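> Could you have a look at this structure, given as structure tokens, before my questions?
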Amino acid sequence: MNTPHLVAVGDRLDRLGPWLAPLGLRLLMGWEYFESGREKLHGQNWFADLQQAFPFPFDQLPATLNWQLATWFELVGAACLLLGLGTRAAASSLLVLTVVATAAVHWPMHWDGLAELAMGYVITDQGFGNFKLPLLFMAMLVPLALQGAGPLSLDHLLRRCLAGRAARA
């Protein structure tokens, strides 16, 4: 391949990135949070068993309220991500939810050093926590919270409509 061809491919990828990267993140995160919310909606509330592990101010709320908040933030947040509607707010809310879940459920209860903490960077729980997946979720939510849904979204469509109205006014 010659250099001009590589530059042309790079240019095409640069144009596609803003369209496809946020869409991919939204679809993946939307599906994951939808599944989690659906499990809570149809499952039993187990938050009472770890209420004391929730960080402030969530440790001050009743376990039933925390369960309902988590369930509906996951379901509504997932729908918002899938549609690209209110994406920054949805991603920010799900980011807070994931930080709380990590602190209460996924982070190891006791660890004496970085080597022991690193043992919790797994998907399955072997007694050292299992914070790998929530950490990956947080890393995927940050660009959506900071940069938004991208051009293939209702957010983008609404912004264009509002800008058009403002220009005509």
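The values are calculated or read from the model by the stated rules, or taken from the named source; none is laboratory data. These numbers come from a predicted model, not from an experiment. Virtual Cβ from ideal backbone geometry, glycine too; neighbours counted across all protein chains shown. All accessible areas refer to the heavy atoms of the entire protein, side chains included, with ligands and DNA or RNA removed. Shrake-Rupley method; radii C 1.70, N 1.55, O 1.52, S 1.80 Å.
> Kindly indicate the residue of segment 112-138 that is closer than 22 Å to Phe58 by Cβ and among the aromatic types (Phe, Trp, Tyr) and also nearest to the chain's Cα centre (by Cα) among those meeting that condition.
Going through the qualifying residues, I end up with Phe137.
> Ok, one more. Applying the selection to segment 36-45, what residues are touching a residue at least 12 places away in the same chain (Cβ under 8 Å) and open to solvent by 40 Å² or more (accessible area, probe 1.4 Å)?
Arg38, Leu41, Asn45
> Check whether at least one residue in segment 87-95 is among the β-branched types (Val, Ile, Thr) and either surrounded by 13 or more Cβ atoms within 10 Å (Cβ to Cβ) or touching a residue at least 60 places away in the same chain (Cβ under 8 Å) (or both), and report yes or no.
Yes, because at least one residue in segment 87-95 is among the β-branched types (Val, Ile, Thr) and either surrounded by 13 or more Cβ atoms within 10 Å (Cβ to Cβ) or touching a residue at least 60 places away in the same chain (Cβ under 8 Å) (or both).
> Leu133 versus (1) within 16 Å of Leu25 (Cβ to Cβ); (2) modelled with pLDDT of 95 or more; (3) assigned to a helix (DSSP H, G or I): which is the lone unmet condition?
(2)
> A further question follows. Can you tell me which of Phe73, Phe56 is open to solvent by 60 Å² or more (accessible area, probe 1.4 Å) and assigned to a helix (DSSP H, G or I)?
So the residue among Phe73, Phe56 that is open to solvent by 60 Å² or more (accessible area, probe 1.4 Å) and assigned to a helix (DSSP H, G or I) is Phe73.
> Residues in segment 76-86 that are β-branched (Val, Ile, Thr) and open to solvent by less than 70 Å² (accessible area, probe 1.4 Å): how many?
Counting residues in segment 76-86 that are β-branched (Val, Ile, Thr) and open to solvent by less than 70 Å² (accessible area, probe 1.4 Å) gives 0.
> Which residues, counting only those in segment 85-100, are out of contact with any helix residue (DSSP H, G or I) (no Cβ under 6 Å at 6 or more places or on another chain) and under 15 Å from Trp72 (Cβ atoms)?
Passing the criteria: Ala89, Val96.
> Still on this structure, please answer the following. How many residues does segment 130-164 contain that are farther than 15 Å from Ala89 by Cα, in contact with a His (Cβ under 9 Å, 6 or more places away or on another chain) and open to solvent by less than 40 Å² (accessible area, probe 1.4 Å)?
Result for segment 130-164: 3.
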